[in-house]
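Data block below; observations after.
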Amino acid sequence: MKGPILLAAGGTGGHLFPAEALATALAARGVAVHLATDERALQYGKSFPAEAIHAVASATLKSKSPVALARTAAALGKGFLQSLMLVRRLRPAAVVGFGGYPSAPPVLAAALLGVPTLIHEQNGVIGRANALLAPRVTAIGTGFAHVKGIDGAVAAKARHVGNPVRPAVLAAVSQYDAPRPDGPFRLLVTGGSQGARVMTDVAPAAVALLPPELRARITVVQQARGEDLERARAAYAQAGVQAEIEPFFADLPARVAAAHLVIGRAGASTVAELAVIGRPSILVPLPHALDQDQASNAASLAATGAAEVVDQSRFTPAFLSGRLASLMNDAKFLSDSAEAARKLGIPDAAERFADLVLETAER
């Protein structure tokens, strides 16, 4: 193959993790990979499996005010010019975008220059940036079999490949170890970059409401915002519960595998990792999202009993405490949920998407 594969992904885990998985799969086949991203992801320079990482100007549309629109347009315009120069210099065999506005300039530049292009839609509802790119790209990989917003002529270009998961996720796959009566119960609470605050508000208070005999069994690993760390630690300490609270866990897949129950948001990467590893969960989709993508993602697990989905308005300490008290003594339900999640997992999604990328590049 002439030229590398250029991946375009924004600097958040939801976009970078599947890009990392694809990069690993392509590298294993001897394919050179480059990454175009925004400045947030430059910290991944030492760990992302790419020959080079290129910073491209970008912005995410967060407001429709004239000033915000002008700033976003200026940043994306600058990124488009940088991407044109990058694509001309690298002469990639294909360019692959992973959603979010930071992926748009490289994909649009490649399409303009006649380079084969692909996007990957991780969610059950197509995102705004991918909706803009979908009519212009050569092929589309999807994380879910049915994606709202991909229809008509666009659907003809789409292939369900699943959501690629990182090698660390595949390494964490193991048999579910159901909790034993009166034995330890390991709870993992995650929130993602947009959702950790509500978890800190609810989870410690819910655990504190448990009867003493259940509090004696439970241990907690929880992700919390930096400004909420001490508050969460103090709440668990006051409840007499052993807890490890950090803003980020580099070994999160291993923590998922070790948990008896996971509580978290329903981002595409979270849902994919829960399914591949096979763990029961309580999911609280991020509310007020314009396209309700997390609600759609969570529904895929809930439909088979792999997860319980709770609207944030109902996610209170009293509610969660009641569910924990019930689940801690229902090993069969948890085991059945873990098996249902595992059956939905697509552990070879990165390989499937790599096949589509190389087919598209070689057309």
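The values are calculated or read from the model by the stated rules, or taken from the named source; none is laboratory data. Since the model is a prediction, treat every value here as computed from it, not as a measurement. Glycine gets a Cβ as well: all are built from the backbone with ideal geometry, and neighbour counts include every protein chain shown.
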Among the helices (runs of 4 or more DSSP H) lying completely within segment 212-272, list those that include at least 1 residues that are touching a residue at least 40 places away in the same chain (Cβ under 8 Å).
212-215, 252-258
Looking at this structure, is Ala145 surrounded by fewer than 14 Cβ atoms within 10 Å (Cβ to Cβ), assigned by TED's automatic domain parsing to the domain that holds Phe48 and not in a helix (DSSP H, G or I)?
yes
Restricting segment 165-197 to residues that are part of a helix (DSSP H, G or I) and surrounded by 16 or more Cβ atoms within 10 Å (Cβ to Cβ), which is modelled with the lowest pLDDT?
Ala196
Residue list for segment 148-162, filter: outside any loop (DSSP other than H, G, I, E, B) and free of Cβ contacts under 8 Å to residues at least 60 places away in the same chain
Gly152, Ala153, Val154, Ala155, Ala158, His160
Pairs where the first residue, in segment 313-325, is closer than 11 Å to Leu210 by Cβ and the second is surrounded by fewer than 16 Cβ atoms within 10 Å (Cβ to Cβ), C-beta under 8 Å, 6+ apart:
Ala325/Pro211
How about segment 71-119: which of its residues are in contact with a Lys or Arg (Cβ under 8 Å, 6 or more places away or on another chain), of a type in the set (A, V, I, L, M) and surrounded by fewer than 20 Cβ atoms within 10 Å (Cβ to Cβ)?
Ala111, Leu113
Output the residue which, of all residues in segment 223-257 that are among the small types (Gly, Ala, Ser) and touching a strand residue (DSSP E or B) at 6+ places or on another chain (Cβ under 6 Å), is farthest from Leu170 (Cα to Cα).
Ala232
If Gly305 satisfies every condition in (1) of a type outside the set (D, E, K, R); (2) in contact with an Asp or Glu (Cβ under 8 Å, 6 or more places away or on another chain); (3) closer than 14 Å to Ala272 by Cα but one, which is the exception?
(3)
Top-ranked residue in segment 280-339 [being part of a helix (DSSP H, G or I) and of a type in the set (Asp, Glu); ranked as farthest from Ile126 (Cα to Cα)]:
Asp336
